[in-house]
Amino acid sequence: MSDGTTSDSREFPAAALTGSLRDYRAPQGKNLLDRVEGFYQWQNLRREHELWPYAKSTESAPRTHCAAKNDDGSLIEGVNFASQDYLSLSSHPKVKEAAVEAIREYGVHSAGSAALLGNTHYSLKLQDALSEFVNGREIVLYPTGWSAGFAAIQGVVRPGDHVVLDVLAHSCLQEGARAATHNIHFHGHLNCEGLRRRLQRIRAQDNENGILVVTESLFSMHSDTPDIAALRALCDEFDAMLLVDCAHDFGCIGEDGLGHLGLQNMVDQADIIIGSFSKSFASNGGFIAVKSRGVAEYLKYFSATQTFSNALSPAQAATVLAAVEIIRSDEGRVRRARLMDNILYMRSEMAKVGLEALGDPSPIVPVRVGAEGLARIASRNLVSLGAIANLVEYPAVPQGAARYRVQVMADHSREDVDKLVMLMQKSLRMAEETYRPYRENEIHTAAPAMRGKPAASAA
Ligand SMILES: Cc1ncc(COP(=O)(O)O)c(C=O)c1O
């Protein structure tokens, strides 16, 4: 790994600074495997120049400071704003002890689908604890948040039905819709008027089938939030159901931890809530929360990722159960307050030095960079200067709209935040220098058709 101080742009071939995953999305040819090889060549060119910031592995716990390895095996170390552990519960002694205790008792595996013999007394207790948290709803657990989002749509929507999604809805929601029906409609991000037009058009032609309106309570690449009451009103007007994915704010936002559903007093108004444990509850896993036992039982046998996938392990269920207990206690409140304090401090410090934080205050702080080439160099610089933050490009965001996706934790200190902001600014300034000779190239070669919407919001 270089020391990040180079400003010699000639060390980067233009091909490592241009191109996108989009170019390899639909390879042509009869040989299914040969035709994907081009991707590796392009990826490897980027890797050779330390411009492939993905697939890092941690060498120590994902805490506020962390050692990690790049995809090429080189070691990095620094202040860590790239892990999803918003309340810093993954290293909490009580949470770790709960997992160890479950392993002592059960071993490490659930050894079955929840539809067969995969549940444990930990997963049953977890269902009850979550149910209490979301005002008595019925809970169905899933092995990941992704599989819960997919299942919530695939499990209830049938080919004649319609799914209407915010254009930035997460990949699990888009894939769930695709698995269920061809009648998929998108409306502009957070655009209620656009949603109304879609619903009007659908109901003008089809008054027989169901409509599911799909949104997120906190969008994970933009850090913004819909007006859930307005969506509810539209669903009522057009006889549609409302699904809200609360993966990123459930547990970590709001006085009681109920996220924007809680802040907007809408917990009881969503027909289907889906959530993930992987952001605030220190484990893989996810859930669907619905209002009736009948719907929950149906999902258990008609959503593929419940019936045909192995249940949460005992250690995962015990981990999440311990996390729920903390999240609902005074300590949870204190952790949420510390997290929000860090977020607000970071956003204000960024504004002072001209870094543009997008969206609203949340544990995700998206920082606009723009051109992919500039972002790749800046990201390389940042890591070599001693800070880790994820770079996101297409397909998670539109082409030409690359950004850092900073993820804040309750355990970060103000000094950690200061360090990140200082290094991010420095890494971008250095990258601007290095990237200058490529700018003209970028403007002339980027085909307008290649820009546009993300394929699906991710992570
Ligand atoms: C909005 C949203 N839904 C679902 C998921 C999937 O959750 P998990 O990563 O826990 O599978 C994610 C993130 O990964 C997400 O951002």
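Tally up the residues in segment 170-203 that are assigned to a helix (DSSP H, G or I), farther than 17 Å from Leu242 by Cα and away from the ligand (no atom under 15 Å from the Cβ), please.
Within segment 170-203, residues that are assigned to a helix (DSSP H, G or I), farther than 17 Å from Leu242 by Cα and away from the ligand (no atom under 15 Å from the Cβ) number 3.
State whether one or more residues within segment 364-387 are in contact (Cβ under 8 Å) with a residue 60 or more places away in the chain, surrounded by fewer than 16 Cβ atoms within 10 Å (Cβ to Cβ) and over 21 Å from Met430 (Cα atoms).
Checked segment 364-387: no residue is in contact (Cβ under 8 Å) with a residue 60 or more places away in the chain, surrounded by fewer than 16 Cβ atoms within 10 Å (Cβ to Cβ) and over 21 Å from Met430 (Cα atoms).
Hey, Gly262 hits all of (1) in contact (Cβ under 8 Å) with a residue 12 or more places away in the chain; (2) away from the ligand (no atom under 16 Å from the Cβ); (3) over 30 Å from Met422 (Cα atoms); (4) among the small types (Gly, Ala, Ser) but one; which does it fall short on?
Condition not satisfied by Gly262: (1).
Take Asp206 and tell me if it is more than 16 Å from the ligand (Cβ to nearest atom) and more than 21 Å from Ala152 (Cα to Cα).
Yes.
Considering each of Leu321, Leu339, Leu312 in turn, give the residue that is under 17 Å from Ala282 (Cβ atoms), surrounded by 18 or more Cβ atoms within 10 Å (Cβ to Cβ) and in the same structural domain as Arg414 (by TED's automatic domain parsing).
Exactly one residue qualifies, and that residue is Leu339.
Which fully enclosed helices (runs of 4 or more DSSP H) of segment 75-161 have 1 or more residues being closer than 30 Å to Ser379 by Cα and touching a residue at least 60 places away in the same chain (Cβ under 8 Å)?
Those helices (runs of 4 or more DSSP H) span 145-154.
Based on what the data block shows, is Gly251 assigned to a loop (DSSP other than H, G, I, E, B) and under 19 Å from the mean Cα position of the chain (by Cα)?
When the stated conditions are applied, Gly251 passes them.
Is there a residue being within 17 Å of Ser303 (Cβ to Cβ), assigned by TED's automatic domain parsing to the domain that holds Leu234 and surrounded by 23 or more Cβ atoms within 10 Å (Cβ to Cβ) anywhere in segment 203-211?
Checking segment 203-211: not a single residue is within 17 Å of Ser303 (Cβ to Cβ), assigned by TED's automatic domain parsing to the domain that holds Leu234 and surrounded by 23 or more Cβ atoms within 10 Å (Cβ to Cβ).
Of the residues that make up segment 58-81, is at least one within 16 Å of the ligand (Cβ to nearest atom) and among the hydrophobic types (A, V, I, L, M, F, W, C)?
Within segment 58-81, not a single residue is within 16 Å of the ligand (Cβ to nearest atom) and among the hydrophobic types (A, V, I, L, M, F, W, C).
Report the residue count in segment 343-363 for those that are among the acidic types (Asp, Glu) and touching a residue at least 60 places away in the same chain (Cβ under 8 Å).
2
Being surrounded by 12 or more Cβ atoms within 10 Å (Cβ to Cβ) and basic (Lys, Arg) is the filter; apply it to segment 14-57 and report the residue that is farthest from Ala402 (Cα to Cα).
That would be Arg35.
Would you confirm, using the coordinates I've provided, whether Ile327 is within 17 Å of the chain's Cα centre (by Cα), of a type outside the set (Gly, Ala, Ser) and either surrounded by 24 or more Cβ atoms within 10 Å (Cβ to Cβ) or closer than 21 Å to Ser83 by Cα (or both)?
Answer is no for this residue.
Determine, yes or no, whether Ser217 is crowded, with 24+ Cβ neighbours inside 10 Å and of a type in the set (Gly, Ala, Ser).
Judged against the criteria, Ser217 is a match.
Are there helices (runs of 4 or more DSSP H) fully within segment 265-329 with at least 3 residues that are within 16 Å of the ligand (Cβ to nearest atom) and in contact (Cβ under 8 Å) with a residue 40 or more places away in the chain? List them.
The qualifying helices (runs of 4 or more DSSP H) are 304-307, 314-327.
The values are calculated or read from the model by the stated rules, or taken from the named source; none is laboratory data. A quick note: this is a predicted structure, and the numbers were derived from the prediction, not measured. With ideal geometry, Cβ positions are generated from the backbone for all residues, glycine too; neighbour counts draw on all protein chains shown.
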